[in-house]
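Trainee: The structure is given below, and queries will be raised subsequently.
The values are calculated or read from the model by the stated rules, or taken from the named source; none is laboratory data. This one's a predicted model, so the numbers in the text were calculated from it and none came from an experiment. Glycine gets a Cβ as well: all are built from the backbone with ideal geometry, and neighbour counts include every protein chain shown.
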Amino acid sequence: MWSPVNISDHPTVEFALKPLQEALNRIPVLDYRPTVHTDQGFQYQHRHWQNTLKEHHVFQSMSRKATCLDNAAMESFFHIMKVEVMDEHFETKTALIEAMNEWIDFYNHRRIKTKLDGKSPVKYRELTVQKAA
């Protein structure tokens, strides 16, 4: 099951580490080394972030200054999110969090993508794992 959206008033290392740790705890043992793509935010340059990746044998891919190509997948995701969710004003932080939770559930489970053979990300991942097994 996925975690609800967490929103912080400030970008801190601890805030960035929490979902990373949750993701790392859910990744199955793989035959390859996973990669985490980020921008050059201070959180991702911090020794706690980098040590966490090293401990889990995860490769860090960080965009170079003014270059988002290696982070294009996440840039695309955030663009879609901004277009589909952030086009309205939310009166409260709670309303924003509820809207984000609903949209992320929709995006992961019901929103089909042509790049994923007309499947949602979760359905595509399930089929990919089945084929690999």
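Trainee: What number of residues in the range 97-133 are farther than 21 Å from Asn6 by Cα, among the polar types (S, T, N, Q) and modelled with pLDDT of 90 or more?
Mentor: Number satisfying all stated conditions: 2.
Trainee: Of the residues Leu116, Leu96, which single one is hydrophobic (A, V, I, L, M, F, W, C) and more than 25 Å from Asp9 (Cα to Cα)? Please lay out each step first, then the result.
Mentor: Details: Leu96 fails: more than 25 Å from Asp9 (Cα to Cα).
The match here is Leu116.
Trainee: Give the range 3-39 a look and list any residue that's among the aromatic types (Phe, Trp, Tyr) and in contact (Cβ under 8 Å) with a residue 24 or more places away in the chain, or say none. First the steps, then the outcome.
Mentor: Step one: list which residues in the range 3-39 are among the aromatic types (Phe, Trp, Tyr), which gives 15, 32.
Of everything in the range 3-39, just one residue is among the aromatic types (Phe, Trp, Tyr) and in contact (Cβ under 8 Å) with a residue 24 or more places away in the chain, namely Phe15.
Let's see how each residue does on (1) aromatic (Phe, Trp, Tyr); (2) surrounded by 14 or more Cβ atoms within 10 Å (Cβ to Cβ):
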{"residue": "Phe15", "(1), (2)": "yes, yes"}
{"residue": "Ala23", "(1), (2)": "no, yes"}
{"residue": "Arg26", "(1), (2)": "no, no"}
{"residue": "Val36", "(1), (2)": "no, yes"}
{"residue": "Thr92", "(1), (2)": "no, no"}
{"residue": "Phe106", "(1), (2)": "yes, no"}
{"residue": "Arg110", "(1), (2)": "no, no"}
{"residue": "Lys113", "(1), (2)": "no, no"}
{"residue": "Asp117", "(1), (2)": "no, no"}
